[in-house]
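Notes to accompany the following structure.
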Amino acid sequence: MTNDTIKLLRECDSGVQMGVASIEDVVDKVKNDDFRSLLNSCKCEHERLRDEVQNALLQYGDDGKDPNPMAKGMSKMRTGLMTAIDGSDETVADLMTDGCNMGVKSLSRYLNQYPKADEQSKAFAGRLIGLEENLAVQMRQYL
């Protein structure tokens, strides 16, 4: 067990929780059924990964890490403001794409920052990066 492993797992935990919260913030605003289905499916994948990450953290006796309250609040406020101004699916897709890109960037940074993390925690980070990258690509049709 290394500190890098726990630190990377915590960042994965925080990131996946942020992803779930972001999807929950917008899914009810989406008008297109296929788009809404895509978001709900991605939310389920995030929740499965969250459960796996949290189980791994429990094995280390760690409670995980909630998303930064400031970042979460700012994201929620930006989403509320942008969708109030223009509640189109294009706006939602734009917001989600930005969020996905920020998640990929952060998680990639953490992978580099914690090189001694075990392979399982690196795999969790890689899976979350993959989920975010895939969602960003799928959002393009709704921009």
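Tell me which residues, restricted to segment 114-125, are farther than 29 Å from Phe35 by Cβ and in contact (Cβ under 8 Å) with a residue 12 or more places away in the chain. Hits for segment 114-125 are Tyr114, Pro115, Lys116, Ala117, Asp118, Gln120, Ser121, Lys122.
What about Asp62, is it more than 14 Å from the chain's Cα centre (by Cα) and outside any helix (DSSP H, G or I)? Against the criterion (more than 14 Å from the chain's Cα centre (by Cα) and outside any helix (DSSP H, G or I)), Asp62 qualifies. The condition of being of a type in the set (A, V, I, L, M) and either more than 15 Å from the chain's Cα centre (by Cα) or not in a helix (DSSP H, G or I) (or both) holds for Leu57.
Looking across segment 119-138 at every residue that is over 16 Å from Met18 (Cα atoms) and touching a helix residue (DSSP H, G or I) at 6+ places or on another chain (Cβ under 7 Å), the one that is most open to solvent (accessible area, probe 1.4 Å) is identified as Gln120.
Kindly evaluate Tyr110 against the criterion of being open to solvent by 20 Å² or more (accessible area, probe 1.4 Å), touching a Lys or Arg at 6+ places or on another chain (Cβ under 6 Å) and among the hydroxyl-bearing types (Ser, Thr, Tyr). Break it down into steps so the answer makes sense when it comes.
Numbers: open to solvent by 20 Å² or more (accessible area, probe 1.4 Å): yes; touching a Lys or Arg at 6+ places or on another chain (Cβ under 6 Å): no; among the hydroxyl-bearing types (Ser, Thr, Tyr): yes.
For Tyr110, the condition - open to solvent by 20 Å² or more (accessible area, probe 1.4 Å), touching a Lys or Arg at 6+ places or on another chain (Cβ under 6 Å) and among the hydroxyl-bearing types (Ser, Thr, Tyr) - is not met.
What residue, of Lys72, Lys116, Lys105, is surrounded by fewer than 17 Cβ atoms within 10 Å (Cβ to Cβ) and in a helix (DSSP H, G or I)? Just a single option satisfies the conditions, and that option is Lys105. So in segment 9-54, with the set limited to residues that are assigned to a helix (DSSP H, G or I), open to solvent by 20 Å² or more (accessible area, probe 1.4 Å) and in contact (Cβ under 8 Å) with a residue 60 or more places away in the chain, which one is nearest to Leu131 (Cα to Cα)? Ranking the qualifying residues of segment 9-54, first place goes to Glu45.
Beta carbons closer than 6 Å, at least 6 apart along the sequence or on distinct chains, pair a first residue in segment 92-108 that is touching a residue at least 60 places away in the same chain (Cβ under 8 Å) and farther than 12 Å from Ile129 by Cα with a second that is open to solvent by less than 40 Å² (accessible area, probe 1.4 Å) and among the aliphatic types (A, V, I, L, M) for Val92/Val26; Val92/Val30; Met96/Met139. Here is a check on your reading of the model: is Glu90 open to solvent by 70 Å² or more (accessible area, probe 1.4 Å) and either assigned to a helix (DSSP H, G or I) or on the phi > 0 side of the Ramachandran plot (or both)? So Glu90 fits the description; yes.
The values are calculated or read from the model by the stated rules, or taken from the named source; none is laboratory data. The model shown is predicted, which means the values in this text are computed figures rather than measured ones. Note: ideal-geometry Cβ built from the backbone for every residue, glycine included; neighbour counts use all protein chains shown. With ligands, DNA and RNA removed, areas are computed over all heavy atoms of the protein, side chains included. Shrake-Rupley method; radii C 1.70, N 1.55, O 1.52, S 1.80 Å.
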